[in-house]
Amino acid sequence: MKLSFRWYGDTDPVTLEYISQIPAMRSVVSAVYDVKPGEVWSNESIADIAAKCKSHGLVFDVVESIPVHEDIKLGRNNVDELIEVYCENIRRCAAHGVRCVTYNFMPVFDWTRTQLDKKAPDGSTSLVMYWDQMRGLDPLKDDIHLPGWDSSYTQSEVRELIGAYGELGEEGLWKNLERFLKKVIPVAEECGVRMAIHPDDPPYPIFGLPRIITNEANLDRFLAIYDSPANSLCLCTGSLGCAKSNDVVAMVRKYANMDRIAFMHIRNVKIMEDGSFEERAHLSSCGSLDVYEIVKALTDAGFDGYVRPDHGRMIWGEVGKPGYGLYDRALGAAYINGLFEACEKAKKNG
Ligand code: DNO
């Protein structure tokens, strides 16, 4: 596996120097952040990220994300033009060494939580989604903002989008995803890039919006649309794992054996009685997922893709971007390194 770490660019308080000091760290996961969805990334900006990573002994070979414009997901009139811009961004990233591009096909909102700083008894804080808080939120009425969401939309635009997705429905969204893949994947194949779709987080409808990258049946359907390693998954254990019905270990085993996982996001979640969930430390014993079994499934399959420790808690007084501080993600990386070393040695020794 290739160990990687997300970096939000020059303004990220977690510097490349710190990232490079994490044992076995290899790749940087980043993006051009000052461009809106639907615009072309400048070669200079991509080259600048690559050069900065290189100067710290790291490789910029994973992009997260090239965002998919809402008009592509909605199949609106300028969709072909927007898909062409998307393809151009893939070509440009590939020319600067990128081998994996992460994206999602979630309507309007990326990941959704109801609180970003829930305090645990030990004083650490983390992101949570509690149903009783969720029921009080209505994006049609309230002006809600979360760091994972595109903040460039005004509230009335959000309202309009929600209405349009309601009319489109799940099958309409599948159709638009298919149109996107049939144009984008051949370009990715040509330039040696693996596209990695991120599951919907959480993997069930929220605010009445259709969500389709949610469970095994839908992942099968997604992969069958274009049968190529360039059309792969970013298998986020925490996103899929917050629905009790998803057997994450079995999913990792199946898709790793098919060589359809390009990127792993590894983190743990604790599912509560009512289906609410809390993000926890990465260790199996801290949440509902068996992270050892997940890593074992990967090593059994000879997985050689990218892995990053996903969301950490805020610990040791760190202040920063929720989910993306240094300390707990670095502990996650150390844990992941340990699991891989143990599983790989056990496999070798039979
Ligand atoms: C959350 C992330 C997601 C992910 C996008 C991929 O922290 O895992 O925001 O980057 O969904 O497009």
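The values are calculated or read from the model by the stated rules, or taken from the named source; none is laboratory data. Model, not experiment: these values are computed from the prediction. No Cβ is skipped: glycine too gets one built from the backbone with ideal geometry, and neighbour counts run over all protein chains shown. The area values use the complete protein model at the heavy-atom level, side chains included, leaving out ligands, DNA and RNA. Shrake-Rupley method; radii C 1.70, N 1.55, O 1.52, S 1.80 Å.
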**OP:** State whether one or more residues within the stretch 153-176 are within 14 Å of the ligand (Cβ to nearest atom) and within 24 Å of the chain's Cα centre (by Cα).
**Re:** no
Original post:
Name the residues in the stretch 302-340 that are farther than 20 Å from residue 291 by Cα and more than 16 Å from the ligand (Cβ to nearest atom), would you?
Top reply: 315, 316, 317, 318, 319
Original post:
How do the pairs read when you match residues in the stretch 45-70 that are among the aliphatic types (A, V, I, L, M) and open to solvent by 40 Å² or more (accessible area, probe 1.4 Å) with residues anywhere that are modelled with pLDDT of 95 or more and within 16 Å of the ligand (Cβ to nearest atom), using Cβ under 8 Å and keeping only pairs 6 or more apart or on different chains?
Top reply: 59/27; 59/28
**OP:** Check whether at least one residue in the stretch 312-335 is assigned to a strand (DSSP E or B) and among the β-branched types (Val, Ile, Thr), and report yes or no.
**Re:** no
Original post:
Applying the selection to the stretch 224-251, what residues are assigned to a loop (DSSP other than H, G, I, E, B) and out of contact with any Phe, Trp or Tyr (no Cβ under 8 Å at 6 or more places or on another chain)?
Top reply: 226, 227, 228, 229, 230, 241, 244, 245, 246, 247
**OP:** Any chance you could count how many residues in the stretch 26-49 are in contact with a helix residue (DSSP H, G or I) (Cβ under 7 Å, 6 or more places away or on another chain) and under 13 Å from residue 62 (Cα atoms)?
**Re:** 4
**OP:** Under 6 Å between Cβ atoms, at least 6 apart or on separate chains: pull out the pairs that start in the stretch 1-30 with a residue that is away from the ligand (no atom under 16 Å from the Cβ) and small (Gly, Ala, Ser) and end on any residue that is in a loop (DSSP other than H, G, I, E, B) and modelled with pLDDT of 95 or more.
**Re:** 20/56; 20/57; 20/58
Original post:
Restricting attention to the stretch 241-294, and to residues there that are open to solvent by 10 Å² or more (accessible area, probe 1.4 Å) and basic (Lys, Arg), which single residue is modelled with the lowest pLDDT?
Top reply: 244
**OP:** Evaluate the following for residue 350: is it outside any helix (DSSP H, G or I), within 14 Å of the ligand (Cβ to nearest atom), over 21 Å from residue 251 (Cβ atoms) and over 17 Å from the mean Cα position of the chain (by Cα)?
**Re:** no
Subject >> Subset of the stretch 279-301 that is in contact with a strand residue (DSSP E or B) (Cβ under 8 Å, 6 or more places away or on another chain) and more than 29 Å from residue 230 (Cα to Cα) - its residue that is nearest to the ligand (Cβ to nearest atom) >> reply: 279
**OP:** Could you tell me whether the stretch 102-124 includes any residue that is within 21 Å of residue 45 (Cβ to Cβ), within 16 Å of the ligand (Cβ to nearest atom), crowded, with 19+ Cβ neighbours inside 10 Å and touching a residue at least 60 places away in the same chain (Cβ under 8 Å)?
**Re:** yes
**OP:** Output the number of the condition that residue 24 fails; it satisfies all remaining conditions of (1) surrounded by 19 or more Cβ atoms within 10 Å (Cβ to Cβ); (2) under 20 Å from residue 265 (Cβ atoms).
**Re:** (1)
Original post:
For residue 99, are the conditions met, namely being more than 30 Å from residue 337 (Cβ to Cβ), open to solvent by 50 Å² or more (accessible area, probe 1.4 Å) and touching a residue at least 60 places away in the same chain (Cβ under 8 Å)?
Top reply: no
**OP:** Pairs only if they're at least six apart or on different chains, beta carbon under 9 angstrom, first in the stretch 125-139 and touching a residue at least 40 places away in the same chain (Cβ under 8 Å), second assigned to a helix (DSSP H, G or I); list them, first residue then second.
**Re:** 126/328; 139/155; 139/158; 139/159; 139/162
**OP:** Considering only the stretch 206-223, state which residues are touching a Lys or Arg at 6+ places or on another chain (Cβ under 9 Å) and part of a loop (DSSP other than H, G, I, E, B).
**Re:** 212
**OP:** Being surrounded by 14 or more Cβ atoms within 10 Å (Cβ to Cβ) and among the β-branched types (Val, Ile, Thr) is the filter here, so list the residues in the stretch 153-210 that pass it.
**Re:** 158, 162, 184, 185, 187, 193, 197, 206
